[in-house]
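S.K.: Okay, here's the structure, questions in a sec.
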Amino acid sequence: MAAGVLSQGTILRVQTGAGPVYAIVGGVVGIAAPQGVLAEVDVTTLESTAREYIAGLAEQGEVSFTLVLVKGASGNLFEVGQQRMAALNGTSTVQLFQLELPASAGGRIYTTPGFVKQFQVKANTGERMEADVVIRWTGATVIT
């Protein structure tokens, strides 16, 4: 008996205003949830008989993914969420992002501050237009 869970219905949102107000980022092909990895702090001394460590601050890392570009309203190449991601590219503006899993996967929502490190549009002959995106997470992730 298959016990897998489909990822269809997973939603990425980007903050577009105070409150916060979010826009759905359409066209996401695949994405990973922010996951903290503890840093290691070396506390080895001359009295130590082996390396000794304590846990440091969690590092949220970054996520890379591909977007299929979706035509927006009024002839704009990008829909609203993609426009916001493109506008944040190259700035140091930290915004909240949400990754919502489908109900079949528990419906968890990961809310994390981050900034867009890359939004690179790709166009190839006879293929769909895409963008390679990198978000750098900064701060703690809240899971609800």
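The values are calculated or read from the model by the stated rules, or taken from the named source; none is laboratory data. Everything numeric in this text was worked out from a predicted model, so none of it was measured. All Cβ positions, even for glycine, are placed from backbone atoms using ideal geometry, and neighbour counts span all protein chains on display.
S.K.: Determine, yes or no, whether R13 is assigned to a strand (DSSP E or B) and either of a type in the set (S, T, Y) or surrounded by 11 or more Cβ atoms within 10 Å (Cβ to Cβ) (or both).
M.R.: On the way: assigned to a strand (DSSP E or B): yes; either of a type in the set (S, T, Y) or surrounded by 11 or more Cβ atoms within 10 Å (Cβ to Cβ) (or both): yes.
Against the criterion (assigned to a strand (DSSP E or B) and either of a type in the set (S, T, Y) or surrounded by 11 or more Cβ atoms within 10 Å (Cβ to Cβ) (or both)), R13 qualifies.
S.K.: Next question, about the same structure. Give the residues of the range 50-69 that are part of a loop (DSSP other than H, G, I, E, B) and farther than 21 Å from L101 by Cα, sorted by residue number.
M.R.: Step one: filter the range 50-69 for residues part of a loop (DSSP other than H, G, I, E, B), giving 50-52, 60-61, 69.
Result: A50, R51, E52, L69.
S.K.: Check off (1) touching a Gly at 6+ places or on another chain (Cβ under 9 Å); (2) surrounded by 13 or more Cβ atoms within 10 Å (Cβ to Cβ); (3) polar (S, T, N, Q); (4) farther than 15 Å from A131 by Cα for Q98 and give me the number that stays unchecked.
M.R.: (1)
S.K.: Does A39 meet the test of being in contact with a strand residue (DSSP E or B) (Cβ under 6 Å, 6 or more places away or on another chain), at pLDDT 90 or above, surrounded by 10 or more Cβ atoms within 10 Å (Cβ to Cβ) and farther than 21 Å from V133 by Cα?
M.R.: The answer is yes for A39.
S.K.: Of the conditions (1) part of a loop (DSSP other than H, G, I, E, B); (2) modelled with pLDDT of 95 or more, S7 satisfies every one except a single condition; which number is it?
M.R.: Of everything listed in (1) part of a loop (DSSP other than H, G, I, E, B); (2) modelled with pLDDT of 95 or more, S7 misses just condition (2).
S.K.: Test E47 against the stated conditions and say whether it is outside any strand (DSSP E or B) and modelled with pLDDT of 95 or more.
M.R.: Values: outside any strand (DSSP E or B): yes; modelled with pLDDT of 95 or more: yes.
Criteria met by E47.
S.K.: Taking into account only those residues within the range 19-36 that are of a type in the set (A, V, I, L, M, F, W, C) and not in a strand (DSSP E or B), which is surrounded by the fewest Cβ atoms within 10 Å (Cβ to Cβ)?
M.R.: Start the filter on the range 19-36 by keeping residues that are of a type in the set (A, V, I, L, M, F, W, C), which leaves 21, 23-25, 28-29, 31-33.
Within this subset, residues satisfying the condition of being not in a strand (DSSP E or B) are 25, 29, 31-33.
On the way: V25: 26, V29: 9, I31: 20, A32: 12, A33: 15.
Per the criteria, the residue is V29.
Residue-wise test of (1) under 22 Å from G106 (Cα atoms); (2) in contact with a Lys or Arg (Cβ under 9 Å, 6 or more places away or on another chain).
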residue: L6; (1), (2): yes, no
residue: Q15; (1), (2): no, yes
residue: A18; (1), (2): no, no
residue: V29; (1), (2): yes, no
residue: T44; (1), (2): no, yes
residue: Q60; (1), (2): yes, yes
residue: T66; (1), (2): no, yes
